[in-house]
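The values are calculated or read from the model by the stated rules, or taken from the named source; none is laboratory data. Predicted model, so just to flag it, every value in this text is computed and none were measured. Positions of Cβ are generated from backbone atoms using ideal geometry, with glycine treated the same way; all protein chains shown enter the neighbour counts. Just so you know, the surface numbers come from the protein's heavy atoms only, side chains and all, with ligands and any DNA or RNA stripped out. Shrake-Rupley method; radii C 1.70, N 1.55, O 1.52, S 1.80 Å.
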Amino acid sequence: MVARCVLCTETHDSRVCPMKNKDNFTPKCANCGRAHTASFRGCPNFPKLKKTIPGQSYAAALKGNNKTSATTERPTITNGKQKTPTINLNTEIIQEIPNPNELTDLFQLLKQVKKIMDRIPNIKEVLKKIENTKSVTMKLFILAEALPQD
């Protein structure tokens with residue numbers, strides 16, 4: 001399969017399409033041949049996304065494979081060294097993902113924590129102390145002591 005320009009259907013990348021800067025250029029769809037770009041979602045031949053089952057990869061859905069993605073791990077070897085395999089999410093993990101609003105709150109909290117952590121000059125030493133402490137209150141005191149005075 002040859003990649004085609006979404007603007008003029010020729011065999012080049014659409015970012016370097018020579019036609020896109022011309023005044024009277026009318027795009028041509030590579031999917032149906034009509035006068036719109038191939039990325040136009042209103043095109044009757046625009047590829048439709050298939051629904052996936054939780055735990056099923058999008059590639060498996062396209063193949064019509066109903067198997068859920070297991071944690072099949074095949075280590076890749078590059079330059080004689082073995083890379084850590086990627087782990088596919090299973091349905092249990094997917095169900096534990098919170099709603100988007102909770103994620104937004106979590107990211108805002110992480111952003112504030114990062115600002116605090118960036119102010120600690122000896123962060124690795126502080127992290128070791130925190131890891132060796134069981135009490136949450138003591139962990140906070142260790143962080144507070146490590147912060148420089150304002």
Check on ASP23, open to solvent by less than 80 Å² (accessible area, probe 1.4 Å), among the charged types (D, E, K, R) and modelled with pLDDT of 85 or more: no
Pairs only if they're at least six apart or on different chains, beta carbon under 6 angstrom, first in the range 16-28 and in the same structural domain as ALA3 (by the TED database), second open to solvent by less than 80 Å² (accessible area, probe 1.4 Å) and of a type in the set (Ser, Thr, Tyr); list them, first residue then second. PRO27/THR37; LYS28/THR9
